[in-house]
Amino acid sequence: MSTNDALNQGPLTARRALEALRSGVPNAESVLALGTTQSEIIGQFNGLLDNAKSANASGVPRGMLIGGGFGSGKSHVLEYLAQQARSQNFVVSKVVVSKETPLHNPTAVFRAAIADAKVPGRPGSAIDEIAMSLDFNSEAYAEFYRWLHTAGESLDHRLAASLRLFEHYSGDEEFADRVTQFWAGEPFAISEMRKRLREAGWLEDYGLKASKEVELSRDRFVFVSRLVRAAGYSGWVLLIDEVELIGRYSLIQRARSYAEVKRWMDGSRIDPSVPLIAVLTTVDDFEGEVLVGKDDYNQLPERLLAKEKIEYTQLAMDARAGMNILAKNQVVLHQPDNSELDDTYQAIRKIHAEAFDWIPPEIAGLERLPSNRMRQYVRAWINEWDLIHLYPSYSPDTTVIPVEIGYGEDRDISEPSDGDAAAL
C-alpha cells in the first residue's frame, strides 16, 4: 500500500484524498494512494472481466457479492474495482441503494446506473459518448445489429426499431437525441416511432407495443450493454453498494429485492452472454440480522406461495435463491493485519505531510483490536494529526463508540409501489 505518484501533484490532490478518507467516501485520489490488499476479491473480479470480454462466455456467473462490516472498506474496494474496470476499457456505474433507488425497482436502478455511468477517457454524458462512438460500418456494430434482430428479438421491439432509426436519421440531431434519451430511460411515444418507421418503409418489420416499465428497464440493461460493446468498449460494470438496506423494506419489497440479487448474480435470462457485470456489497451479518432475525427464510416463501398465483410462486423461488446467495456467496473482506495497518498508517502520514507541508509525528492512534474497523483506524490517525497540526502541544486520545445498525422496517424507504399494498 505505497502512496501513488498522483499524490506528488501537490497539496490540493492530497487534501482531496484526506477529505475522502476522513468522511469514509473514497475518491480516486484516496484509492490510488492506498490501493487494496483484498486479493481474493480482485482475483474473482478480474475473472468476471475476462468472461465479459469473451463473446462466447455464456452460462457463467455475471456477478459477485462482497461482504463486510460497517466501516470495513467495502466502498473503498468498489472504487478500486471501478478503476480496474475502466483501465480495461469498461464503462462503469456506481449505484447506492437508497429510498430513491430501491433495489427492487429495476427502473430506478437503471436510471441511476445510466446517470452515473463513466466512459473511459470520455467526460460527457455516457449515453451520448457511447452513441457518438458507434461506427455504422464496423464489424462490431454489424454484429450488434444482427444480434438485436435475431437472438435479441425477445427484447422490447422498440429498442431494435430505435437503433435502425438512429442509423437512418443520424443527420437529424434532434431526433437522434430523442432516441438516445429513450435508450437512457426516457419515454418515446409508440405513435411517433410508428410514424418514423412508416416514412422509412419499415413499419411491417416491427410489432411495436408497450411493455411494462420494469420489463423495458431490464431489456435496456441488456441493450445498452450490447451497445457499449458495439461502440468499441469491453462491456458495462455495475457496482451496487449498501444492499443491506433491503432489510428495512416491507416484506414484498424484500422478496423482490432478493429476486433481483439472484438476477444480478446469475446474469440475464434473455442474454446469458451479455457483457454486463454486477458487484454488490452488503454487511457480513445480513443472514443473522435479517434472513434469520426477521425469519425471511421461512415467512417470505410461505406468504408468497399462499397467494396461489404463478407470478408469486416464481417470485418465491427467485427470492429463496437470492437469500441463499446473500447467506452463502459472500466474498468477505479480510480484516487488516498489523503489516497492512503499518503500511496504511505510513501512506496516510505521507498524504497528510503533502497536504499541509509538514512532518507529522508518530502517533499511537487506536489500540489494535480485532473488533476495530479500518475506517476507525484511518479516522483516528487523520483526526489526531489534524489536532496536533493545529495545536502542537496537544496530546489527543481517541475513543471509539460503537454505532448500532438497525434493520427494522422503515416506512420512509418502503413506501408501497404498484401492487405492493395488496400483495401480501
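Readers should treat all values here as calculations from the given coordinates under stated rules, not as data from a laboratory. Just so it is clear, the structure is predicted and the values come from calculations on it, not from any experiment. Neighbour counts run over all protein chains shown; Cβ positions are idealised from the backbone, glycine included.
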*Take the Cβ-Cβ distance between Tyr391 and Asn329 as r, set R0 to 35 Å, and report the resulting FRET efficiency rounded to the nearest 0.05.*
0.10
_Net charge within 9 Å of His149 by Cβ-Cβ distance, Lys/Arg positive one each and Asp/Glu negative one each, not counting His149 itself?_
0
*asked:* Explain nothing, just the number: dipole magnitude of the stretch 131-214 about its Cα centre with +1 on each Lys and Arg Cβ and -1 on each Asp and Glu Cβ, in debye rounded to the nearest 20.
replied: 380 debye
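What fraction of the Cα pairs in the stretch 61-192, stated in percent, has a spacing above 25 angstrom?
When every Cα pair of the stretch 61-192 is considered, 37 percent fall beyond 25 Å.
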*Out of residues 5 or more away from Gly235 or on other chains, whose amide H comes under 5 Å of its own, with H placed 1.01 Å from N in the peptide plane?*
Val91
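Could you tell me which GluC sites (Glu not before Pro) in the stretch 56-129 are loop residues by DSSP with no more than 14 other beta carbons within 10 angstrom of their beta carbon?
Glu100
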_Could you tell me the calculated FRET efficiency between Asp116 and Ile401, based on Cβ-Cβ distance and R0 = 30 angstrom, to the nearest 0.05?_
0.35
_Spin-label pair Gln181/Ala200, simplified geometry with 7 Å Cα→Cβ offset, distance in nm_ = 1.9 nm
*Diffusion constant of the stretch 8-118 at 37 °C, which comes from Stokes-Einstein with the Kirkwood Cα-pair radius and 0.692 mPa s, µm²/s*: 208 µm²/s
*Calculated FRET efficiency for the pair Glu213/Ala189, C-beta based, R₀ 22 Å, to 0.05*: 0.90
*So, how do all the Cα-to-Cα distances of the stretch 290-334 break down into 5 Å bins, in percent, from 0 on up?*
5, 22, 26, 21, 13, 7, 3, 2, 1
*Just grab the label-to-label distance for Ser154 and Glu173, each label 7 Å out from Cα along the Cβ direction, in nm (one decimal).*
4.0 nm
*Distance check, please: which entries in Lys118/Lys328; Lys53/Lys118; Lys294/Lys328; Lys118/Lys350; Lys53/Lys74; Lys212/Lys309 exceed 21 angstrom between their Cα atoms?*
Lys118/Lys328; Lys118/Lys350; Lys53/Lys74
*Assigned charges on the beta-carbon of Lys, Arg, Asp, Glu; the chain dipole about Cα centre (debye)*: 760 debye
*With viscosity set to 0.890 mPa s and temperature to 25 °C, compute the Stokes-Einstein D of the chain, Rh being the Kirkwood radius across alpha carbon pairs; µm²/s, no decimals.*
104 µm²/s
_Estimated D of the stretch 131-214 in µm² per second, where Rh is the Kirkwood radius over Cα pairs and Stokes-Einstein applies at 4 °C, 1.567 mPa s_ = 97 µm²/s
_Relative packing of peptides 274-284, 175-185 - highest average C-beta neighbours within 10 Å first_ = 274-284, 175-185
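Out of all DSSP beta bridges with both ends in the chain, state the antiparallel percent to the nearest 5. Before the final figure, lay out the partial values.
Values: 2 of 22 bridges.
Given both bridge residues lie in the chain, the antiparallel proportion sits at roughly 10 percent.
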*Would you mind checking the radius of gyration and Dmax of the stretch 307-400 based on alpha-carbon positions, in Å?*
22.4, 72
*asked:* Could you tell me the ratio Rg/Rh of the stretch 140-292? Both radii from Cα atoms, Rh via Kirkwood.
replied: 1.05
